[in-house]
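Report on one structure; see the data block that follows.
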Amino acid sequence: MKKGILPLIALLVLSVSSGAQDKLNSIWFDRPAEDWNEAFPIGNGRIGAMIYGRPWEEIIQLNEESLWAGSPEDGNADAAEYLPIIQKKLLDGEIAQAYALSEEHLSGDPLRIRSYQSFGELSISYFSDSYSPAVQDYYRDVNLLTGVATTSFKYKGVTFSREVFASAPDNVLVFKICADKPGALTFLISYRRQFDATAMPGPDNSLIIKGQIVDLPAPGAGEGGEHMKFAGRLKGVNKGGTMKAINNSIYVENADEVWFVMAMNTDYSLEKLNFDRSIDPEAICREQMENAFTMSYPQLCSRSQKDLESIMSRVSLSLSDSSKAQIPTYKRLEAVKKGESDPGLVALYFQFGRYLLASSSRKPGRLPANLQGIWCQDYKAPWNSDFHTNINIQMNYWPAEICNLPETLVPFSNWINAIREPGRVTAGKTFNAKGWTVNHVSNPFGHTSISDGVGWGTFPVAGPWLTLHQWEHFRFTSDMDYLREEAYPSMKEAAQFLLSFMVEDKNGYLVTAPSNSPENKYRLPDGSSFNLTYGATMDVQITRELFQACSEAAKILKTDKQFAKDLKEAMAKLPPIKVSKRYGTIQEWIEDYEEVEPGHRHISHLFGLFPGTTISYKDPELFAAAKRTVERRRKYNEDPETRQGSYTGWSRAWVINFYARLHDAEEAGANVNAILAKSTLNNLFDTHPPFQIDGNFGATAGIAEMLVQSHTGVIELLPALPSEWNTGSFKGLRVRGGGEISASWKDGKVVSLTLTAAEDGRFMIKDYMKKPVELKAGESWTMQ
């Protein structure tokens, strides 16, 4: 539907519901969705749907996490013999020659990957296209605790309602359509997909969907051909009336109530990083349907709700009274865009971020959340909705640990371990090194080679960065088995890559070469500009963090003494973090180059401030320089006279985390308001633009970091509490060492504080404990 049609939709809603819905824990509208960006997301970690809530022509847009175009490709350049030449030219300052050689010998082939795709959509039609009568008491929402999206309205005295949810326990999509007058339901539910799929009647009035992605030749995007197979099945149970499958539809006539189950699957295998023809997606759909129909609708609904609620209820956040919850969410957002304060909307937005991660990255899902989580309406999505590994997929998982969603990290960690195999090929063929790595883009097929040209695409520290999430998972959970069996082997191999890849520069420092500071360019004195460089500050910070993490892990596991010694020696030879003599900011590159875009969206040289730990208040000089770095970036993005680059939603989210770590409460709070005002769509999705989910996740993590931090070895409570949040409470945020913390405050002063150990541990809360306390799992410490 085009935007211009919205006024017509609005006219159809003559009055809105004022019922007793759970508006405090819901995103809710008093009108249908104008377009996809106003639809409500639901998901179970593997399948997702966007619910439009239109009275007479409902749309449920569908996704399945593994439905991607493309196929595995070994796109790695055989560059081993050329790498030393390229490295020498970079170190000697012959950047143009190094760049030309790199483009010729390092670039991957294919240069690009193909896209994540929509599974298609269901339409539920009640009248012909030319007739859409007005309705009363219209209401729709998505409940963030239960994951149920509802739509209700009245027409000629009859109340119509729909419920939709994606069940994790039963791995299917379920929805119910009701009316409070017998025989009032007559509609046609149809499946459609623009490409590569057909739907046909099946047994028991079901609908069977069969599809296979056929990729046409596309220069630079790999081989065409018959690729991913997929299948779906839709079946309903009617109370009253009749139901019949016909063509690509199911026709229901004069029913009182109907509920449906839909299964969706592909033949993708994470173990093979490929489609696997021994997997029969049709058979899997059939099995899932048979299982689902052993239960009633209330049983399916109860199982799904209890499952999600057990995750969502671990954490609560209150920042104000709840009176504004009675205002439709999009109207609250409009008010914030006009400058009004709404801390309650911030709390809802925070929980929405947790909801999105729980809905896009957990069992039964097996893949990590991509640039759009799992929600994508396109067949060629923006940036292919890929796994972007130079910040975006990492940002997706910033809230996983602190926001008490540890199970959401599991698909990410499993995928990291799966791509180690193709990553070893990239390490050896492209970078003449041991271990494994990936560059700036990947996908479910294990793409690890340099993509999109060497300027943007050469990012060999992406693999090491990914493994730091595995380390953080251990730090928050204290799960020794996970450290021993999954995290440490991955971390160690990434560190081995760096040890064998780095070279000494003219000052005797160990540096990465070639690399880049993600997507930014520097300018040389002759006016030429380049991405390609050596020893970028981000590389140094990631390397130091990983070497330190591996050393600590080896000590905990009582293993690899010589390896830990090698790491210690290498750390001593890493370049220091430098402060620019011209601007007093953290240098982005190893030389104090001029920036081509001082307001660039990536602020990579502050990795050590967040998500890293190498820049903190413990080093006042670097801490002050980091703050000046953020201020300089913002100046060139927000001043109309100097605005350069692009201030994306995810970049703003990163700034929230920076200010939280800098203990600048008012700036952190101002940037939370700014991401709502400038980078948030009506359904609270983040916009790059267009929609990109990392900003939701990054801002959610930032809000948590404003409330509690534990990266320096002690717990800091309310380290960046803005005056707008002067009264509030939270429950269940996690800290490193395996603890959960809950607190409340009034007029900025803490009035209650409890720390509970999920694992045996030693904890110290700065300013609230005189000395560290030892707690056994399940024990609590409470402020007296």
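Here are the numbers for the structure shown:
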read-out	value
Relative contact order (percent, whole number), the chain, Cα cutoff 8 Å, 6+ residue spacing	12 percent
Members of Lys229/Lys272; Lys578/Lys678; Lys154/Lys306; Lys380/Lys434; Lys89/Lys492 lying beyond 25 Å, as alpha-carbon distances in this model show	Lys578/Lys678; Lys154/Lys306; Lys380/Lys434; Lys89/Lys492
Local electrostatic count at Thr150 - Lys and Arg +1, Asp and Glu -1, tallied over other residues with Cβ under 15 Å	-1
Folded to 0 to 90 degrees: helix 297-312 orientation relative to the chain principal axis, Cα	30 degrees
Nearest 10 degrees, 0 to 90: helix 420-429 Cα axis against the chain principal axis	40 degrees
Unsatisfied cross-links (Cα-Cα over 28 Å) in the set Lys555/Lys731; Lys635/Lys731; Lys506/Lys568	Lys555/Lys731; Lys635/Lys731
Highest average packing first - 152-162, 467-477, Cβ atoms within 10 Å	467-477, 152-162
Helix-derived mean residue ellipticity, 222 nm - over the chain, DSSP H n ≥ 4, -39500 (n - 2.57), to 500	-9500 deg cm²/dmol
Cross-link partners of Lys771 among aspartates and glutamates (Cα-Cα below 20 Å; sequence separation of 8 or more within a chain)	Glu716, Glu740, Glu759, Asp760, Glu779
Positive-end extreme of charge dipole, the stretch 342-452 - chosen from Trp383, Ala433, Tyr397 (charges on Cβ)	Ala433
Dipole of the stretch 461-522, positive direction: furthest Cα of Ser515, Trp465, Ser478, with charges on the beta-carbon	Ser515
Highest to lowest packing among 186-196, 565-575, scored as the average C-beta count within 10 Å	186-196, 565-575
Whole-number percent relative contact order across the stretch 160-288, with pairs defined as alpha carbons under 8 Å at least 6 apart	27 percent
16 Å Cα-Cα reach of Lys176 towards aspartates and glutamates, excluding residues that sit fewer than 8 places from it in its own chain	Glu57, Glu58, Asp141, Glu163, Glu253, Asp256, Glu257
Residue order for Met764, Met264 - accessible surface, 1.4 angstrom probe, largest first	Met764, Met264
Diffusion coefficient, µm² s⁻¹, Stokes-Einstein with Kirkwood Rh over alpha-carbon pairs of the chain at 4 °C and 1.567 mPa s	47 µm²/s
Cβ crowding within 10 Å averaged over residues, with 325-334, 36-45 ranked highest first	36-45, 325-334
Unit charges on C-beta of K, R, D, E only; dipole of the chain, Debye	1320 debye
With Cα atoms, 0 to 90° folded angle of helix 537-557 axis to the chain main axis	90 degrees
Charge dipole (debye, nearest 20) of the stretch 573-677; +1 at Cβ of Lys and Arg, -1 at Cβ of Asp and Glu	220 debye
Net charge of Cβ neighbours under 10 Å - reference Thr754; Lys, Arg +1; Asp, Glu -1	0
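The values are calculated or read from the model by the stated rules, or taken from the named source; none is laboratory data. Because the structure is a prediction, the values reported are computed rather than measured. Counting neighbours? That spans all protein chains shown, and the Cβs are built from the backbone with ideal geometry, glycine included. These area figures cover heavy atoms from the full protein model, side chains too; ligands, DNA and RNA do not enter into them. Shrake-Rupley method; radii C 1.70, N 1.55, O 1.52, S 1.80 Å.
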